[in-house]
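A.B. asks: Mind having a look at this structure? Questions to follow.
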Amino acid sequence: MKNKFLKFGLYSALLGMVLMGFGLLAGRTLNYASQQVLGFVIIITTLVLAIYFGIKKLRDEWHQGYLNFGKAFMYGLLLTFFVGLGIAFMDYIYTQFINPDFYSNYMDYYLETLKNTLSAEEFNIKKAEIEAAPDYQKAAWFMALGMYFATVFWGFFVSLAMAMILKKQKEN
């Protein structure tokens, strides 16, 4: 069963890579606000697909049609880690090789947004904080790590929901 689960986990990571890769490339023509929405939709969609079909397959084919909430939730979380790896990998490839100026371009957009919403004094304080950020925060691996943790965060809630929906106890 471990090999079967690992195989399904790798499929989940591949799904995350494909959908995120599509989103990153398709989203290049969108503004940053739309890119954020698209990224969120892709993360949630990937998690729902991977976790739903993963738990359903585990329940129906490997557990004779029964799976308690705890095991379903655990399987969902494990699949979340795989999805997170796939999404983070594509984020790294994108920010390291395809669009290495992503961070600086995004910061320009973010600062412009702050400039339009904050007072001059508040803006200068925030700008100084951003410029004082350590260099590692600007690195592709750090942005990918952030994407991984964001995926795992949302995966917790998707796993919770899918475990509640897909659990099936044996009748006594």
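A.B. asks: Can you work out the Karplus-derived ³J(HN,Hα) for every residue in the stretch 114-127? Use 6.51 cos²θ - 1.76 cosθ + 1.60 with θ = phi - 60°, whole Hz, and x for glycine or proline.
C.D. replies: With the stated coefficients, the stretch 114-127 comes to 5, 4, 7, 10, 10, 5, 4, 5, 5, 4, 4, 5, 5, 4 Hz.
A.B. asks: Let me ask something else. Please compute the length gained on full extension between TYR109 and ASN124, using 0.36 nm multiplied by the number of residues separating them and subtracting their Cα-Cα distance.
C.D. replies: That pair, TYR109 and ASN124, stretches by 3.9 nm at full extension.
A.B. asks: With contacts defined as alpha carbon pairs under 8 Å and 6 or more residues apart, what's the relative contact order of the stretch 1-96 in percent? Walk me through the intermediate numbers first.
C.D. replies: Working: 77 pairs, mean separation 45.7, N = 96.
RCO, the stretch 1-96: 48 percent.
A.B. asks: Next question, about the same structure. Among LEU77, GLY54, SER34, whose Cα projects farthest towards the positive end of the dipole of the chain, with charges put on the beta-carbon of Lys, Arg (+1) and Asp, Glu (-1)?
C.D. replies: Positive-end residue among those listed: GLY54.
A.B. asks: Work out from phi, with θ = phi - 60° and the Karplus expression 6.51 cos²θ - 1.76 cosθ + 1.60, the ³J(HN,Hα) of each residue of the stretch 97-111, listed in order in whole Hz, and give x for Gly and Pro.
C.D. replies: Values, residue by residue: 10, 7, 9, x, 8, 3, 4, 5, 5, 5, 5, 4, 4, 5, 5 Hz.
A.B. asks: Report, in debye and to the nearest 20, how large the dipole of the stretch 1-153 comes out about its Cα centre when Lys and Arg carry +1 and Asp and Glu carry -1 on their Cβ.
C.D. replies: Numbers: 12 positive and 11 negative charges, 191 e Å.
Once rounded to the nearest 20, the dipole reads 920 debye.
A.B. asks: Relative contact order of the chain: what whole-number percent is it, with Cα pairs under 8 angstrom and at least 6 residues apart? Walk me through the numbers on the way to the answer.
C.D. replies: Numbers: 176 pairs, mean separation 62.8, N = 172.
Rounded, it is 36 percent for the chain.
A.B. asks: A further question on this structure: Lysine pairs in the stretch 2-166 with alpha-carbon atoms under 22 Å apart, 8 or more places apart or on different chains: how many are there?
C.D. replies: Summing the qualifying lysine pairs gives 16.
A.B. asks: Another one. For the stretch 64-172, give the magnitude of the charge dipole about the Cα centre (Cβ charges: +1 Lys/Arg, -1 Asp/Glu; no others), in debye to the nearest 20. Write out the running numbers ahead of the final one.
C.D. replies: Values: 8 positive and 10 negative charges, 167 e Å.
Magnitude of the dipole: close to 800 debye.
Read-outs throughout are calculated quantities, based only on the coordinates presented, and are distinct from any laboratory measurement. What you see is a predicted model; the values in this text were computed from it and never measured. Neighbour counts are summed over all protein chains in view; Cβ atoms, including those assigned to glycine, are modelled from backbone coordinates with ideal geometry.
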